[in-house]
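Report on one structure; see the data block that follows.
The values are calculated or read from the model by the stated rules, or taken from the named source; none is laboratory data. What you see is a predicted model; the values in this text were computed from it and never measured. Methodologically, a virtual Cβ is constructed for each residue, glycine included, from the backbone with ideal geometry; neighbour enumeration extends over all protein chains shown.
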Amino acid sequence: MTAEIGQAAIYLSVLSCLWAIGLLSFGLWIRNARAIQSGRNAVIATFILISIATGALIYGFVTDDFSMKYVVEVSSAAQPLLYKITALWGAMSGSLLFWLWLLTVGGAIVVWQNYQRNKQTQDTLADYSLIPIAIVQLFFTILVTGLIDGIYNPLARFTDGSVFADGQGMNTLLQTPLMAIHPPTLYIGWISLTIPFAFAVGALASGRIGSGWILRSRRWMLFSWIILTIGITLGGNWAYQELGWGGYWAWDPVENASFMPWLLGTAYLHSVMIQEKRNMLKLWNILLITLAFQFTLLGTFITRSGIITSVHAFGGSGIGGYFLSFIFASTAGVIGLIVYRWNRLKSANRLESLLSRESAFLLNNWLLVGLTLIILWGTLWPIISEAINGEKSTVPEAFFNKVVIIPGLLLLFLTGAGPIISWKKITANNFRRMFLLPLVIGLIGGALTWGFLALIGYTFPLYSVLCSFAAVFVVAAIFAEFYRGAKLRAKRQETSFVNGLNLLIQRNKRRYGGYIIHIGIVILYIGIMGSKGYFLLEAKSMTLGESMEVGKYKLTMIDAFEKEYANYLRSGVIFDVAKSGKKIGTMEPAIHNYYRAKPDEEPTKESAIHHVGMNDLYVALANVPRDIKTGGVVNVQAYYNPLIGIVWIGVAVMVLGGIVAIAEKSERSGGA
């Protein structure tokens with residue numbers, strides 16, 4: 001009965017979405033407050049109904065209801081409770097229901113925020129934004145009803161009344177703690193982009209094309225950026241630990257699908273500052289947030305259509321065409337509104353100089369959008385190549401690594417130059433006061449890097465030198481900004497420098513939170529430079545008692561082990577780790593063989609990682625033979641990854657800066 005209640009709730013939510021769209025549109029058109037309120041109530045009703053459906057599906061997992069098709073597909077009796085719950089997003093049907101539920105949460109929050117705001121003032125902008133939110137909700141609701149080809153209702157039972165003794169179990173790669181966090185984090189980041197997009201559409205529909213919609217949706221945009229940053233990083237960390245290839249980013253299509261909206265969202269966060277400060281780029285900002293939203297749908301299309309192969313992707317289905325149709329239809333709707341409001345989208349001011357903060361932010365935007373298009377081209381190349389010559393061919397990781405270097409280095413430099421260059425036009429005094437010292441310090445940093453790398457055998461590490469120059473320049477420029485501002489604040493308030501620094505940040509959290517993010521980006525770049533550019537790899541087929549070396553470390557395979565768990569068998573080996581002849585620890589890489597793994601699911605690799613300061617010694621196994629203790633051969637890969645710990649620290653600093661920035665009241669325009 002619980003499943004039937006959930007299915008009924010999904011069908012009713014189709015009606016509530018239609019009611020919200022119809023009553024909000026009608027009420028805003030004739031300015032009828034009762035119709036508008038009815039539309040808001042329908043948005044809340046959709047949230048309640050989809051919450052009931054989601055709860056019913058989770059109940060089916062927890063109670064092992066193997067009369068439900070989706071429960072059989074992604075769960076089993078032996079599956080731990082955590083993974084029974086996370087099975088909600090473990091396959092196509094459930095993940096779309098979870099996506100829809102998050103959308104309804106966002107819609108309900110917008111209604112609540114609008115209610116709180118309207119206690120002080122009547123404002124219909126949020127009501128206009130609820131219409132596109134309800135339209136997106138309607139699209140996903142129709143998908144999960146099971147009424148279209150390619151996807152079934154996640155609460156449906158088997159049509160012949162079958163009740164299985166057990167389920168097939170969730171994909172083995174998803175049965176890790178990080179995968180209990182990573183997918184929903186990405187979903188939340190993607191879905192929260194819907195709200196700024198909806199406010200942009202609401203601004204076009206209502207004719208209020210100023211900065212009001214940006215201010216109303218700013219925290220949503222920052223929240224999305226923070227959560228996407230966390231989600232992308234969790235995915236990289238999961239790949240590092242579970243896939244056994246020693247890296248954290250390989251330009252996989254699904255990785256790219258999460259990264260492209262992040263790039264466009266980052267561009268948007270910079271460009272809106274120009275609209276707020278100089279009343280420029282109104283059209284560009286609406287296009288950017290529209291692209292960011294549409295790329296979340298494109299990412300969903302990539303992961304669920306089956307057209308591109310990925311370790312992260314769902315199986316193929318027929319719903320790709322529906323996503324493409326919705327992307328084209330919603331984009332056409334935005335273009336129609338842009339044409340209708342064309343005269344109001346004209347900028348009040350023009351770019352006065354190529355050497356100005358506006359120009360720096362525009363260059364930042366062009367680079368970020370350009371990177372997005374390059375990544376999109378590489379991601380979709382299998383489809384393009386198949387259309388051209390009839391065969392799918394993939395773009396290698398090396399292609400992406402090569403083409404992103406120069407734009408990436410320019411973006412790194414701009415993280416320091418953008419905040420310190422003056423608005424409208426740079427002056428000689430501004431250059432001397434703000435740029436000269438950071439440039440000199442940056443050049444010194446680049447020269448020292450060149451000297452150090454040359455000393456250890458790298459003849460001309462050009463990109464590393466440029467990265468170090470830009471990184472040191474950015475740190476010097478931003479620290480100087482903090483120092484000048486804190487010193488001035490302390491002098492005015494007659495307090496200590498530390499108190500002055502605190503007052504400075506408290507007064508403009510958005511600006512100085514952004515600076516903290518930039519420092520985090522510098523740290524991240526240094527970590528990527530070290531871990532991607534200077535890693536060591538050794539591979540060897542070994543038997544017990546044999547040793548291998550990677551860098552200054554010696555690994556000796558001393559024993560093997562095997563341990564049974566509720567739903568998998570853990571098999572591995574034990575290495576003694578020594579440096580310069582002195583034992584520093586042991587490592588235990590392993591393989592997990594899941595009892596209920598599907599035929600196309602391989603055993604998972606559980607890498608062993610030994611942290612040495614900011615560096616990692618990393619060992620992964622390709623196999624663990626049953627006869628290992630009697631001479632069986634183990635294929636081992638060992639990596640030395642320098643500075644990889646700095647990657648995770650850099651992201652943590654970026655997130656900290658985002659939290660500082662989002663703490664600023666949404667009505668403040670702030671600085672940049």
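What to note about this one:
- Here the stretch 155-188 is the region considered, the condition is being in the same structural domain as residue 9 (by TED's automatic domain parsing) and small (Gly, Ala, Ser), and the residue that is modelled with the highest pLDDT is 156.
- Going through (1) in contact with a Phe, Trp or Tyr (Cβ under 8 Å, 6 or more places away or on another chain); (2) closer than 30 Å to residue 168 by Cβ; (3) of a type in the set (Lys, Arg) one by one, residue 579 falls short only on (2).
- Hey, residue 523 more than 30 Å from residue 574 (Cβ to Cβ) and at pLDDT 95 or above or not: yes
- Test for residue 129: is it in contact (Cβ under 8 Å) with a residue 24 or more places away in the chain and buried (at least 23 other Cβ atoms within 10 Å of the Cβ): yes
- Of the strands (runs of 3 or more DSSP E) lying entirely inside the stretch 544-651, those containing at least 1 residues that are out of contact with any strand residue (DSSP E or B) (no Cβ under 6 Å at 6 or more places or on another chain) are 547-550, 553-564, 582-587, 608-612, 615-621.
- Matching residues in the stretch 146-193 - criterion: being touching a helix residue (DSSP H, G or I) at 6+ places or on another chain (Cβ under 7 Å) and within 15 Å of residue 68 (Cα to Cα): 151, 152, 153, 154, 155, 156, 157, 158, 164, 167, 168, 170
- Considering the stretch 8-38, and only residues there that are among the hydroxyl-bearing types (Ser, Thr, Tyr) and in contact (Cβ under 8 Å) with a residue 60 or more places away in the chain, the residue that is surrounded by the most Cβ atoms within 10 Å (Cβ to Cβ) turns out to be 13.
- Flag for residue 61 being over 13 Å from residue 108 (Cβ atoms), surrounded by 18 or more Cβ atoms within 10 Å (Cβ to Cβ) and either touching a helix residue (DSSP H, G or I) at 6+ places or on another chain (Cβ under 7 Å) or of a type outside the set (Asp, Glu) (or both): yes
- Residue among 545, 585, 513, 551 that alone is touching a residue at least 60 places away in the same chain (Cβ under 8 Å), more than 30 Å from residue 91 (Cβ to Cβ) and not assigned by TED's automatic domain parsing to the domain that holds residue 419: 551
- Index of the failed condition, residue 5 passing every other in (1) farther than 17 Å from residue 138 by Cβ; (2) surrounded by 20 or more Cβ atoms within 10 Å (Cβ to Cβ); (3) modelled with pLDDT of 95 or more: (2)
- Matching residues in the stretch 415-444 - criterion: being of a type in the set (Val, Ile, Thr) and assigned to a helix (DSSP H, G or I): 415, 420, 440, 441, 444
- Considering the stretch 202-239, the residues that are basic (Lys, Arg) and surrounded by fewer than 24 Cβ atoms within 10 Å (Cβ to Cβ) include one that is nearest to the chain's Cα centre (by Cα), namely 219.
- Hits in the stretch 445-482 (condition: in a loop (DSSP other than H, G, I, E, B) and loosely packed, with under 13 Cβ neighbours inside 10 Å): 456, 457, 459, 460
Each row is one residue, and each column tells you yes or no for (1) under 25 Å from residue 220 (Cα atoms); (2) assigned by TED's automatic domain parsing to the domain that holds residue 564; (3) more than 20 Å from the chain's Cα centre (by Cα).
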| position | (1), (2), (3) |
| --- | --- |
| 75 | no, no, yes |
| 79 | no, no, yes |
| 82 | no, no, yes |
| 92 | no, no, no |
| 99 | yes, no, no |
| 106 | yes, no, no |
| 109 | yes, no, yes |
| 113 | yes, no, yes |
| 117 | yes, no, yes |
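- In the stretch 161-195, of all residues being small (Gly, Ala, Ser) and part of a loop (DSSP other than H, G, I, E, B), the one that is nearest to residue 214 (Cα to Cα) corresponds to 169.
- Evaluated against (1) part of a loop (DSSP other than H, G, I, E, B); (2) of a type outside the set (Asp, Glu); (3) in contact with a helix residue (DSSP H, G or I) (Cβ under 9 Å, 6 or more places away or on another chain), residue 500 falls short on exactly one condition, (1).
- Sole residue being among the β-branched types (Val, Ile, Thr) and under 31 Å from the mean Cα position of the chain (by Cα), chosen from 634, 624, 647: 647
- Among (1) without any contact (Cβ under 8 Å) to a residue 40 or more places away in the chain; (2) surrounded by fewer than 20 Cβ atoms within 10 Å (Cβ to Cβ), the one test that residue 485 misses: (2)
- In this structure, residue 276 does not qualify as closer than 30 Å to residue 387 by Cβ, acidic (Asp, Glu) and not in a loop (DSSP other than H, G, I, E, B).
- Among the residues making up the stretch 381-402, those that are within 21 Å of the chain's Cα centre (by Cα) and either in a loop (DSSP other than H, G, I, E, B) or at pLDDT 90 or above (or both) are 400, 401.
- Matching residues in the stretch 341-354 - criterion: being surrounded by 13 or more Cβ atoms within 10 Å (Cβ to Cβ) and modelled with pLDDT of 80 or more: 341, 344, 345
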